[in-house]
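Notes to accompany the following structure.
Read the figures in this text as sums done on the coordinates, not as results from a lab. What you are looking at is a predicted structure, and each value in this text was computed from that prediction instead of being measured. Cβ placement follows ideal geometry from the backbone for every residue including glycine, while neighbour counts extend to all protein chains displayed.
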Amino acid sequence: MLYMMMRINYKTILLILVVAVLSSILTSWNNCGNNFFLRNADWKLQLQHKDRISNELGYQEIDCYINGGYSIGCRKEGDEVYIPFSFIHKYFEIYGKLATYDGLERFEWLHSYSKIVSPKGKYDSRGVYMTFENYNVEVRERVKCVSGSDGVPISTQWESQGYYYPTQIAQFGLSHYSKNLTEPEPYKKLIEDSERVKQDWIVSQGSVMSRIYDKRVNSYVMKYATPETSASGISLRLEHVLDFVFKFDLYTRENGSITVIMQSREKKDVYHLHYTTSNVILHTYSNHIYYGIGLLNNQWRRLTRDLVVDLQKGLNANDKTKKKISRSKLKVIQILLNGSGMIDNITLSTSEHMEQFYDAARWFVANQNVTSGGWPNLVRRKVANGMAILEPGWYSSMGQGHAISVLSRAYYHSGEDKYLHAAIRGLRPFRVTSTKGGVTASFLGKYVWYEEYPTTPPSFILNGFIYSLIGLYDLKSIATGKDANDAFKLFDQGITSLKNMLILYDTGSGTTYDLRHFTLKTAPNIARWDYHSTHINQLLLLSTIDNDPIFATTAERWIGYMNGKKAAHN
């Protein structure tokens, strides 16, 4: 009996153990299965969540594979795929920005960053030069400063020390001439002229000042002298704002200086602009900026200075990161005289465009090679690999043409023969081949071309050539007799070449800067949009003086390229 009971209990226990093991195995299997299904469910939920977000937003994030090279993140909405504009901008050189008008935001898409200015009428050699009224040459980064001795820009484009670049000087003159015709009359304040306006100057101990009559200028002037050891000199306190073009007539000996002290109206920083009788181009020490105005050799000379430009160039001379100072945040607080000499007609004005124009015109008269008729570029220039380097002393058809445009207007405006004679001499390099020191090249031995850079082989730069034609046209329009005929012949053979070669610069979607792809057998040198728009503006100008439809029709097609149009495929 007992044995039977024990046997039953043993079987029961064994059965219980088996059941327990099976239960454990089943439980483990169920847990594994449940975890798998749970993970699968989470993945599905994530997809459903992503799809729900995509459906709510109306798009789906996808990858775009670019020309088999790399991928970028894009968005798919229905059958459309949307690509980030930042990629389009870099990849296709397209321009765009968000803008708000009347409270509504929109995106503006542009194929070009340049604009076309249509001529208002027939080009006038006595009037505005193209669109140069919009130029501010002296504030360009590649301008070191405006020379104190000559009143014209000094370039650093190809040499950091600075040099006189005839093309840039001419553009400076032409821009001021054009601004004089398009801007309102400037506001001028006469500070001192020793007759109508006399100021109470502060004369330091040991200094003397008087107003005398000078027969050379037929007026009263202010004569002054200060000791060599004087720091305070003779001064005039001012509180002058907004009008910062400083003009004065000066007669002085060695070691003289005129100092204009300016102040920031916000930060109260004080700046000293020293105009000294020296040959220093530009020197800056702290907030003291020095411009040499040359040795006047006991002669009267008029100086015109844009104080804000002089200040900014001086501050940037040693630190290119200096921020631009707004004219509205400056004021003139003092004028200081040191040394000995005479001064007259001190004015501060909003502009003195014709004074600055004549600074450029006088520079061309004084710096022309009378024998060759050219204005040499005294800088080494490498145009492209495969072309011979231009050594200092080369001439530029663009520089010659620009200079002739300046001098023609100076002669028209002043009637002084020296400007006309210099312009006529400026034709001589157009009669000499570039291989012999002139500016003339030949295309296929058939068409004459005036070289902006007289390279070997020729580069056939388009915009520089057209600028030279405009200069020839200006002289032809201003001069008379044989001189006008000589200018017209050079212009006429050039315009014939342009009509026959113009199509060579058309790429079907833009223009080339030159023809190096022909002369060097290299890739085309595609013109930047600002050069492309210059080509168009030049053709539009030529269309007003030559009725050949090639200029207007080509300009119209090239304008289309700026709006994304392209020539048709075959």
Next item on the list: Inverting the mean 1/r over all pairs of different Cα atoms, compute the Kirkwood radius of the range 60-110 and quote it in Å.
Entry: 12.7 Å
Next item on the list: Just order 392-398, 549-555, 241-247 by mean Cβ neighbour count inside 10 Å, highest at the front, would you?
Entry: 392-398, 241-247, 549-555
Check: Residue farthest toward the positive end of the dipole of the chain, with Cβ of Lys/Arg at +1 and Asp/Glu at -1: which of 279, 292, 91?
Finding: 91
Note to self: Give me P(r) over the range 374-531, computed from all C-alpha to C-alpha distances, binned every 10 Å, as integer percentages.
What the structure shows: 11, 40, 33, 13, 2
Next item on the list: Have a look at 212, 325, 128 and report the one farthest towards the positive end of the charge dipole of the chain, computed about the Cα centre with Cβ charges (Lys/Arg +1, Asp/Glu -1).
Entry: 325
Next item on the list: In debye, nearest 20, what is the charge dipole magnitude of the chain about its Cα centre with +1 on Lys and Arg Cβ and -1 on Asp and Glu Cβ, if you could check?
Entry: 880 debye
Notebook entry, point to check: Mean residue ellipticity at 222 nm from the helices of the chain, using -39,500 (n - 2.57) per DSSP H segment of n ≥ 4 over the full residue count, to the nearest 500 deg cm²/dmol?
Noted result: -12000 deg cm²/dmol
Checklist line | Alpha carbon centroid spacing (whole Å) that separates the range 252-327 from the range 393-407 | finding: 30 Å
Margin query: Give me the dipole magnitude in Debye, nearest 20, for the range 188-350 about the Cα centre, with unit charges on the beta carbon: positive for Lys and Arg, negative for Asp and Glu.
Written below: 540 debye
Item checked: the range 331-371 and the range 503-566: distance between their alpha carbon centers, rounded to Å -> 40 Å
Check: Tilt of helix 481-501 relative to the longest C-alpha principal axis of the chain, in degrees (0 to 90, nearest 10)?
Finding: 10 degrees
Check: Mind checking the dipole of the range 72-221: about its Cα centre, +1 per Lys or Arg Cβ, -1 per Asp or Glu Cβ, Debye to the nearest 20?
Finding: 420 debye
Next item on the list: Please give, to one decimal in nm, the separation of the simple spin-label points placed at residue 482 and residue 105, each 7 Å out from Cα toward the Cβ.
Entry: 7.2 nm
Next item on the list: Taking the convex hull of the Cα atoms, report for the range 191-283 its projected area averaged over all directions, in nm².
Entry: 7.7 nm²
Note to self: Output needed for the range 274-397: three equivalent-ellipsoid semi-axes, defined as square roots of 5 times the C-alpha gyration tensor eigenvalues, in descending order, whole Å.
What the structure shows: 32, 22, 15
Check: Using only the Cα atoms of the range 188-350, what do you get for the radius of gyration and for Dmax, in Å?
Finding: 15.4, 49
Next item on the list: Please report Rg over Rh for the chain, where both radii come from the alpha carbon positions and Rh follows the Kirkwood definition.
Entry: 1.27
